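First up is the structure itself, then whatever we jot down about it.
The values are calculated or read from the model by the stated rules, or taken from the named source; none is laboratory data. If you're wondering where the values come from, they're calculated on a predicted model, not measured in any experiment. Using ideal geometry, Cβ is built from the backbone for each residue, glycine included, and neighbour counts are taken over all protein chains shown.
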Amino acid sequence: MRTVIEIEAEIRKLADKEGYLLNPDREILEGIIEGISANEDKLGYWNCPCRRASGDRAQDLDIICPCRYREPDLKEFGRCYCALYVTQGYINQGLPPDPIPERRKPGKTKKTSSDDVDNKTEIPNVQKNEKIKTWRCQVCGYLCARPEAPPVCPICRAKKERFEEYKI
């Protein structure tokens, strides 16, 4: 099991090699990397923490970080969906909180017949024995799956207390 620090170092190395910038807001960056780390522990791969994984690596290939949508999101909006990767223009604008549309087609996370039929099933976080919950920002509608609400919304920068547990 790798630490959050090790994963961040690997993401930084990859970003530097490919010529990308990471979000300079430390709270947002740490929250995203914690989500990636939790997903690696739970699923065995770096699922984007802003998107719900099916648990089937083949089905989730498009949302394994760096996801397939990173490049078009950066070109059009100056940041990727979860705001891990950003452009210099985005930074120069003061990290605008405007939400961006989801490029992933609906239905990509449908459960297969081998999965539990209860859509509310929570997957335990092996590291802390906590349940993963889905959290919704009451300001912009951003959704994430993690044991606790993020400290800051990566979209609108609302604080932790503005999140509510989202029941599917």
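Just a few scattered comments:
- Residue within segment 49-58 that is of a type outside the set (Val, Ile, Thr), at pLDDT 90 or above and not in a loop (DSSP other than H, G, I, E, B) present: no
- Scope segment 60-90; condition farther than 18 Å from Glu40 by Cβ, part of a helix (DSSP H, G or I), touching a residue at least 24 places away in the same chain (Cβ under 8 Å) and among the hydrophobic types (A, V, I, L, M, F, W, C); matching residues: Leu74
- Within segment 38-59, considering residues that are without any contact (Cβ under 8 Å) to a residue 40 or more places away in the chain and over 13 Å from the mean Cα position of the chain (by Cα), the one surrounded by the fewest Cβ atoms within 10 Å (Cβ to Cβ): Ala58
- Pick from segment 72-82, criterion of a type outside the set (A, V, I, L, M, F, W, C) and more than 14 Å from Cys48 (Cβ to Cβ), ranking: surrounded by the fewest Cβ atoms within 10 Å (Cβ to Cβ): Lys75
- Any chance Ala149 is buried (at least 16 other Cβ atoms within 10 Å of the Cβ), aliphatic (A, V, I, L, M) and not in a loop (DSSP other than H, G, I, E, B): no
- Note on segment 83-99: residues that are crowded, with 24+ Cβ neighbours inside 10 Å and farther than 14 Å from Arg157 by Cβ total 2.
- Matching residues, segment 35-84, being in contact with a Pro (Cβ under 7 Å, 6 or more places away or on another chain) and not small (Gly, Ala, Ser): Ile36, Asn39, Cys82
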